[in-house]
Amino acid sequence: MTTESCSLLAGQDCVPCKGGIPPLEGEALAALHEKLGNDWQVIDGHHLEKEFKFPDFKQALAFTNAVGDLAESINHHPDILTAWGKVKVTVWTHKINGLAEADFVFAARCEAAYQG
């Protein structure tokens with residue numbers, strides 16, 4: 001995985017899933033995970049998760065707010081846990097109870113917003 005492939009993923013349209021499709025699995029899931037890279041984990045084939053590190057709470061909170069603004073702008077809402085020096089972002093598509101391509105695009109955009 002290269003930073004370039006993650007940047008290309010971040011540049012794709014983030015089209016919200018309207019349901020009625022199966023969650024990603026197998027080779028399709030693995031290919032998108034490889035493009036995303038940057039320590040994002042696929043948990044139980046169901047969601048993406050990454051913990052971002054910061055030198056203090058203020059910067060962690062600023063990143064949380066940036067992720068929140070991004071989420072609102074594209075109607076994609078992750079779970080975000082903010083603590084001193086870290087932010088954990090968990091992403092999946094609720095309508096299909098699993099991962100869709102939009103989750104990877106959103107995660108790549110979170111990666112692009114990270115200044116760590």
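Just checking, how many residues over the stretch 65-102 are part of a helix (DSSP H, G or I), touching a residue at least 60 places away in the same chain (Cβ under 8 Å) and surrounded by 15 or more Cβ atoms within 10 Å (Cβ to Cβ)? Summing the residues that are part of a helix (DSSP H, G or I), touching a residue at least 60 places away in the same chain (Cβ under 8 Å) and surrounded by 15 or more Cβ atoms within 10 Å (Cβ to Cβ) in the stretch 65-102 gives 4.
For the stretch 54-68, the criterion of being closer than 12 Å to VAL105 by Cβ, modelled with pLDDT of 90 or more and in contact with a Cys (Cβ under 9 Å, 6 or more places away or on another chain) is met by none of the residues. Within the stretch 46-75, the set of residues being under 14 Å from the mean Cα position of the chain (by Cα), closer than 21 Å to LYS95 by Cβ and among the small types (Gly, Ala, Ser) comprises GLY68, ALA71. Among the conditions (1) at pLDDT 95 or above; (2) acidic (Asp, Glu); (3) out of contact with any Ser or Thr (no Cβ under 8 Å at 6 or more places or on another chain), the only one that GLU49 does not satisfy is (3). With the requirement that a residue be exposed (fewer than 15 other Cβ atoms within 10 Å of the Cβ) and either in contact with a helix residue (DSSP H, G or I) (Cβ under 9 Å, 6 or more places away or on another chain) or without any contact (Cβ under 8 Å) to a residue 12 or more places away in the chain (or both), what does the stretch 44-61 give you? Across the stretch 44-61, the qualifying residues are ASP44, GLY45, LYS53, LYS58.
The values are calculated or read from the model by the stated rules, or taken from the named source; none is laboratory data. For clarity, every value in this text was computed on a predicted model and none was experimentally measured. Neighbour counts are summed over all protein chains in view; Cβ atoms, including those assigned to glycine, are modelled from backbone coordinates with ideal geometry.
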